[in-house]
Amino acid sequence: VQLQASGGGLVQAGASLRLSCATSRRTISNNGMGWFRQAPGKEREFVAAIDWRGVITDYADSVKGRFTISRDSAKNTLYLQMNSLKPEDTAVYYCAASLTSTAGRMRNSYRYWGQGTLVTVSS
């Protein structure tokens, strides 16, 4: 199983970006998925998660109201719409597929990881 994250870039504070995560196998459509991020010198942290149906979502407090996670099962693609970006959102963003049909906040509940895409927000 491969996860390919894309869509990162350099933007100014207040701008928007949409990250995509393409998956290589149809079976991922039965798994919960999530986004994590890792800033320089910090541990990887939870950002958002979505269940296999795309109905139940969860967000870190730091991004709630600004980020939206979604998925298109027909395209085997996960998205993260990021609005009102802040300099503190600067990080490498990783997509991941859960072991089950749901998705939580713990890194060890995810089985497959993408390679990451860099988001840099300037002030």
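Taking the criterion of being out of contact with any Lys or Arg (no Cβ under 7 Å at 6 or more places or on another chain), open to solvent by 60 Å² or more (accessible area, probe 1.4 Å) and at pLDDT 95 or above, the residues of the stretch 69-104 that qualify are Lys86, Glu88.
Of all residues in the stretch 41-54, which are open to solvent by 100 Å² or more (accessible area, probe 1.4 Å) and either in contact (Cβ under 8 Å) with a residue 60 or more places away in the chain or among the hydrophobic types (A, V, I, L, M, F, W, C) (or both)? Within the stretch 41-54, Trp52 is the sole residue that qualifies.
Assuming Ser101 fulfils every condition listed in (1) in a loop (DSSP other than H, G, I, E, B); (2) among the hydroxyl-bearing types (Ser, Thr, Tyr); (3) free of Cβ contacts under 8 Å to residues at least 40 places away in the same chain apart from one, which condition is it? Failing condition for Ser101: (3). Where strands (runs of 3 or more DSSP E) fall wholly inside the stretch 7-66, the ranges with 2 or more residues that are hydrophobic (A, V, I, L, M, F, W, C) and closer than 14 Å to Ala96 by Cβ are 17-23, 33-38, 45-50. Residues considered: Gln38, Gln115. Of these, the only one that is over 15 Å from Ser6 (Cβ atoms), surrounded by fewer than 16 Cβ atoms within 10 Å (Cβ to Cβ), in contact (Cβ under 8 Å) with a residue 12 or more places away in the chain and of a type in the set (S, T, N, Q) is Gln38.
The values are calculated or read from the model by the stated rules, or taken from the named source; none is laboratory data. Every value quoted in this text rests on a predicted model; they were computed, and no experiment measured them. Here the Cβ is made from the backbone with ideal geometry for all residues, glycine too, and neighbour counts use every protein chain on show. These area figures cover heavy atoms from the full protein model, side chains too; ligands, DNA and RNA do not enter into them. Shrake-Rupley method; radii C 1.70, N 1.55, O 1.52, S 1.80 Å.
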